[in-house]
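Just below is one structure, and these are the notes that go with it.
What follows is calculated from the coordinates using simple rules that are stated; it is not laboratory data. None of the values given here were measured: they were computed from a predicted structure. Here the Cβ positions follow ideal geometry from the backbone for every residue, glycine too, while neighbour counts run over all protein chains shown.
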Amino acid sequence: MTRNFDPNASHAATAYAYLSVSDIHAYYGESYIVQGISFNVHEGEILALLGRNGAGKTSTLRTIARLDDPSLRSGEIWLDHKPMHDMKSHQASVAGIGLVPEDRRIIPGLTVEENIKLAQIVEPKGWGLERIYGLFPRLGERRKQEGVTLSGGEQQMLSIARALARDIKVLLLDEPYEGLAPVIVQEIAKTLNVIRDQGITTIIVEQNAVAALELSDRAVILDTGSVVFDGSAKEVLENEALRHEYLAI
């Protein structure tokens, strides 16, 4: 069922990709979670990384972000032709990887603006405060409000804004629509389209698979830690058998 995908392809064969994930294997302790996953993402593209619970989606995002859990045992990750697989998480962040975790991790006691400024490891070249507030007007209106007192949708916006504040190249989103009303989901989707138009590459993990597919250019579907499909998002939306077998929709 996999499309346009060769798990044995070398990095040389996939070097045109802006982000290349090549045969990565990752573990939580001795639990083998990510089992030889490979895919490519092009610059400015939105990729939906989908699968049932436990398929390895979040673990793959965390591996790309170079977090300690899960631990990468083998495989390669390349961003804009630069190797990421030997980096630590802070190095990956400086190199341009921005992860927005499912729990958002808004820091208590800090205002909206302080949460954003804290994320700015160095003085931003492209995503200063005014540009961020232009993208998220609500955050601008609430810049002096404590971040944890925002609504769920506004906290998600703040999490994305905080990632952008580091002048990232790749945005990794883990369940960005979790617990949000449909109207807020649509608002965030519109914002992600604007972010794509400004050249940010995005990978979205989302249980609301239809919403993720409607936003995305391409889709990769995982099953028990391996890629079972790599193709267009439209193909998944139009393939009922595929959706039923691997996404239960």
Please arrange 157, 87 by counting, for each residue, the other beta carbons lying within 10 Å of its beta carbon, fewest first. 87, 157
Extension gain, residue 145 back to residue 240 (0.36 nm per residue minus Cα-Cα distance, nm): 29.7 nm
Taking the dipole of the range 27-142 about the Cα centre (Lys, Arg +1; Asp, Glu -1; charges at Cβ), the one of 51, 29, 93 that reaches farthest to the positive side is 51
GNM top mover of 60, 201, 111 - the chain, alpha-carbon springs below 10 Å: 111
Förster-model FRET efficiency, 22 Å R0, residue 105 and residue 191, C-beta, rounded to 0.05: 0.70
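Net charge near residue 114, counting Lys/Arg +1 and Asp/Glu -1 over other residues with Cβ under 13 Å of its Cβ?
Values: positive: 117, 142, 143, 144, 162; negative: 113, 146.
Summing Lys/Arg as +1 and Asp/Glu as -1 gives +3.
Taking the Cα centre of the chain as origin, sum charge times position over the Cβ atoms of Lys and Arg (+1) and Asp and Glu (-1), and report the length of that vector in debye to the nearest 20. Please list the in-between numbers first.
Working: 25 positive and 34 negative charges, 123 e Å.
The calculation lands at about 600 debye.
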What's the magnitude of the charge dipole for the range 126-249 around its Cα centre, counting Lys and Arg as +1 and Asp and Glu as -1 at the beta-carbon? Answer in Debye, nearest 20. 680
Most positive-pole-ward Cα, 180, 220, 242, against dipole of the chain from beta carbon charges: 180
Cβ-placed point charges (K, R +1; D, E -1), dipole of the range 108-182 about Cα centre in debye, nearest 20: 260
Under the rule rounded for a/c under 1.5, else prolate if a/b exceeds b/c, else oblate, using alpha carbon gyration tensor axes a ≥ b ≥ c, the range 108-221 is classed as oblate
37 °C / 0.692 mPa s Stokes-Einstein diffusion coefficient of the range 38-136, Kirkwood radius on C-alpha pairs, µm²/s: 209
Shape call, the chain: gyration tensor on alpha carbons, a/c limit 1.5: prolate
Per the C-alpha gyration tensor (a ≥ b ≥ c, the square roots of its eigenvalues), the range 185-249 is rounded if a/c is under 1.5, else prolate if a/b beats b/c, else oblate; here it's prolate
